[in-house]
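The values are calculated or read from the model by the stated rules, or taken from the named source; none is laboratory data. All values derive from a computational prediction rather than experimental measurement. Positions of Cβ are generated from backbone atoms using ideal geometry, with glycine treated the same way; all protein chains shown enter the neighbour counts. In case anyone asks, the SASA skips ligands and DNA or RNA and just uses the protein heavy atoms, side chains included. Shrake-Rupley method; radii C 1.70, N 1.55, O 1.52, S 1.80 Å.
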Amino acid sequence: MAPASPVAAAAPWVLHVDLDQFLAAVEILRHPELAGVPLIVGGRGDPTERAVVSTASYEAREFGVRSGMPLKVAVRRCPQAVLLPVDFPVYEEASARVMEVLRGMPGAVVEVLGWDEAFVGVTTDDPVAFAQSIRSAVLEATDLHCSVGIGDTKVRAKIATDFGKPRGVFVLTRDNWFEVMGDRPTIALWGVGSKISQRLAAHGYRTVRDLAQADDATLVAEFGPSMGPHYGRLGRGVSSATVDDTPWVARAHGREMTYQTNLVDPDEIATAVRTLAAQVVEDIRREGRPCQRVFLKVRFAPFFTTNRVRKLGEPTFDAEVIATTALELLAALQDERPIRLLGVRAEMVPPEGGYVDPRTTGRGGPSARAAGTGGGTEAQDPTSPHVTEAQAPASPE
DNA sequence: TCTGGGGTCCTAGGACCC
DNA sequence: TCTGGGGTCCTAGGACCC
């Protein structure tokens, strides 16, 4: 398994593999007659319900349908679209097959980011050819098309993929970063959303180039000593280049539910919270780690969302304790408005030895490693990036 | 137009202890 | 009598991503 002596010209690369219109593509595999028609996957497939689009096929996107859009709106924009309910197990299975293909690529280290995307670290002198071989292998094994972004950091690889879509490959490195990204708004960066982009704009930083040249002291004053410099680095495309295949371990499990009619009756609310707590306990029992903190999420009508948390005296698997805690948190809000959504989340006791899996910007917030001073996994611009393959433990398969 | 469900991480500030 | 820093734990709230 040990590779032969490295080729002198070979360099480490980060590839980002992203499946094209994943949910829609999986549905087309089992409903071939839907190929080429506008297709929307979301909720329970009922456009009258409170739900959003999970994936729209490219044909549906031509009508302005986007993921995250309310189904009602999507159907208004594209009345002829075929609407399908989300079918989690089927996508899980397809996703697992894709990830297996990636892990089978010679020399690849695979860090899964979600159902339909992963980073692949590889040392090669021809990353484009490697990317094309990934596309071919995935297509052959699963009948699914994907796009591949190639970068010298994770942020650049991740962003590159969008330029490769669909069914393509795009290379984004420090050599063409500003040419490609410099004039784009900061919100185009992975990890910068609407709020941060607005706060940046308030300081005059509107484009990626503005942010790249931003005054560090200003960023620190606005976002803190950790996040401030982190955003500056994002503007330069600088981030970790380490691909780590350590399996992800959940920190918490939660269940939430949007009610088709708002809840007002206290008994009804208590029952709803208990139902959610019972489902959460099923999930954390599967993990084998008890709940140490209970989070309550509430969305009051018309649209106000808030969260509360409480640490438990003793970690527990007891659904009634979790439900009671959540109801106490709800009562403490002293808010009588009708409830649209309830969520109960259980943060689990960490596993023995703590969490060792990677935390990337794509899952959750900004990476603790990338933002922190320790770790040293952040590539220094403009020094060369590197992919640490040796530090990854044996793939568990 | 009317906004799901599953996650993770960061910052600020108070309480408390040494 | 008035006062220091540092550390840890906890809650509240904000933000981002798929």
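Some observations on this one:
- Degrees separating the helix A:266-287 axis from the principal Cα axis of chain A, which is the longest one: 40
- Nearest-20 debye value, the range A:252-348 charge dipole, Cβ charges on Lys, Arg, Asp, Glu: 400
- Charging the Cβ of each Asp and Glu at -1 and of each Lys and Arg at +1, and nothing else, the dipole of chain A about its Cα centre rounds to 1060 debye.
- Put a dot 7 Å past the Cα of A:GLU33, heading toward its Cβ, do the same for A:ASP215, and the two dots end up 6.5 nm apart.
- Dipole axis of chain A (+1 Lys, Arg; -1 Asp, Glu on Cβ), positive-most option in A:GLN21, A:ALA11, A:GLY182: A:GLY182
- With a Förster radius of 35 Å applied to the beta-carbon distance between A:ARG285 and A:PHE163, the computed FRET efficiency rounds to 0.20.
- For the range A:120-175, size of Cβ-based charge dipole, Lys and Arg +1, Asp and Glu -1, in debye: 260
- By accessible area, using a 1.4 Å probe on protein heavy atoms only, the range A:78-129 has 59% of its surface on carbon and sulfur.
- In terms of its alpha-carbon gyration tensor, the range A:187-267 comes out oblate; a/c meets the 1.5 threshold, while b/c is at least as large as a/b.
- Computed with a 1.4 Å probe over protein heavy atoms only, the accessible surface of the range A:221-332 comes to 48 Å² per residue.
- Projecting the Cα atoms of A:VAL356, A:ALA141, A:PRO266 onto the dipole axis of chain A, where Lys and Arg carry +1 and Asp and Glu carry -1 at the beta carbon, places A:PRO266 farthest toward the positive end.
- Between the C-alpha center of the range A:23-71 and that of the range A:239-259 there is a gap of 25 Å.
- Cleavage-rule hits, chymotrypsin sites (Phe, Trp or Tyr not before Pro), the range A:160-233, DSSP coil, Cβ neighbours within 10 Å at most 12: none
- Spin-label model distance (nm) - A:ALA188 vs A:ALA96, 7 Å beyond Cα toward Cβ: 3.9
- Between helix A:88-103 and chain A: long-axis angle, C-alpha atoms, 0 to 90°, nearest 10: 20
- Degrees, to the nearest 10: A:216-235 long Cα axis against longest axis of chain A: 60
- Whole-Hz couplings from phi, Karplus 6.51/-1.76/1.60, listed for the range A:345-357; x for Gly and Pro: 10, 10, 7, 8, 4, x, x, 4, x, x, 8, 10, 6
- Taking amide H as placed 1.01 Å from N in the peptide plane, A:THR55 has its amide H under 5 Å from the amide H of A:VAL41, each at least 5 places away in sequence or on another chain.
- Inter-label distance, nm, simple model (7 Å from Cα along the C-beta direction), A:ALA201/A:TRP248: 3.0
- The range A:190-232, accessible surface, carbon-and-sulfur percent (1.4 angstrom probe): 52
- Computed helical MRE - 222 nm, chain A, DSSP H runs ≥ 4 contributing -39500 (n - 2.57), nearest 500: -11000 deg cm²/dmol
- If you plug the beta carbon distance of A:SER136 and A:THR261 into 1/(1 + (r/R0)^6) with R0 = 35 Å, you get a FRET efficiency near 0.10.
- The range A:252-348, accessible surface, carbon-and-sulfur percent (1.4 angstrom probe): 50
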